[in-house]
Ligand code: G5P
Ligand code: MG
């Protein structure tokens, strides 16, 4: 990889703030951004073959099978060959991680560690603008006009997988399938973990770390 390129993965439980921290990273360090969840939701919206397959898995809080998501993400990364990027939500299984590392060298894995009780509370009051992936939370980053996206004025919705049953499933799946990746990345000297209860507490440490790493 060229020394001018920087490739990062952001991992963490559902609702740990990956999207929120990503938007701050992208704004501060200007790099391309891919969120596997946003990509899948956009495929569902457009009723593509992938979207039709992914829809029920996502509603149920289960992972979309590796074969579909890996192909989709690797083909997006192929388009960014000469760019720095940040990947949010991929990989989530050991097979996905193996495929990624065999295809693309990466510089770092940022792991967000937020207590589950904090997450469960947050997801009850999350509102999203589906076309852009912009997220809001009542009492944390409220939209300027209730129920409307700040940039487009379009309506905000609650994600179908933010209901209590799907959230519980997503957290179980995270524990079983994704959390073990922290050991995998640690063994490869790539993992750095940031713990806290709020994004405002975590973000200054992520920023400082990236400033050191990217300079
Ligand atoms: P996603 O879309 O990747 P998750 O479940 O991993 O979904 P999610 O829910 O998008 O993660 P996040 O991005 O980690 O959460 O968190 P966020 O949106 O930034 O923050 C959550 C809420 O808290 C927001 O409302 C935000 O405003 C608020 N917030 C942030 N910080 C604070 C704070 O400090 N205080 C307060 N009060 N609020 C705060 O994946 C969805 C599904 O797609 C499939 C799976 O089915 C998955 O469940 N999928 C994959 N399947 C297989 N393999 C993959 N690699 C897949 N990737 C996605
Ligand atoms: Mg997200």
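Entry for the stretch 14-140 at q = 0.19 Å⁻¹: log10 I(q)/I(0) = -1.29, Debye formula applied to identical alpha-carbon scatterers, no solvent contribution. Relative to the current alpha-carbon distance between residue 186 and residue 165, full extension at 0.36 nm per residue lengthens the span by 4.4 nm. Length, then width, then depth: along the principal axes, the Cα atoms of the chain run 44, 38, 32 Å.
Relative contact order for the chain: what is it in percent, counting Cα pairs under 8 Å that are at least 6 residues apart?
Details: 284 pairs, mean separation 63.1, N = 215.
That works out to 29 percent.
Overall shape of the stretch 31-81 was characterised from the C-alpha gyration tensor. The equivalent ellipsoid obtained from it has semi-axes of 19, 11, 10 Å, in decreasing order.
Model label points for residue 175 and residue 193, set 7 angstrom from Cα along the Cα-to-Cβ axis, are 1.6 nm apart. Normalising the average separation of contacting C-alpha pairs (under 8 angstrom, six or more residues apart) by the number of residues puts the relative contact order of the stretch 94-177 at 24 percent.
We did not get these values from a lab; they are worked out from the coordinates using the rules stated. Here the structure is a predicted model, which means the values were calculated and not measured. Here the Cβ is made from the backbone with ideal geometry for all residues, glycine too, and neighbour counts use every protein chain on show.
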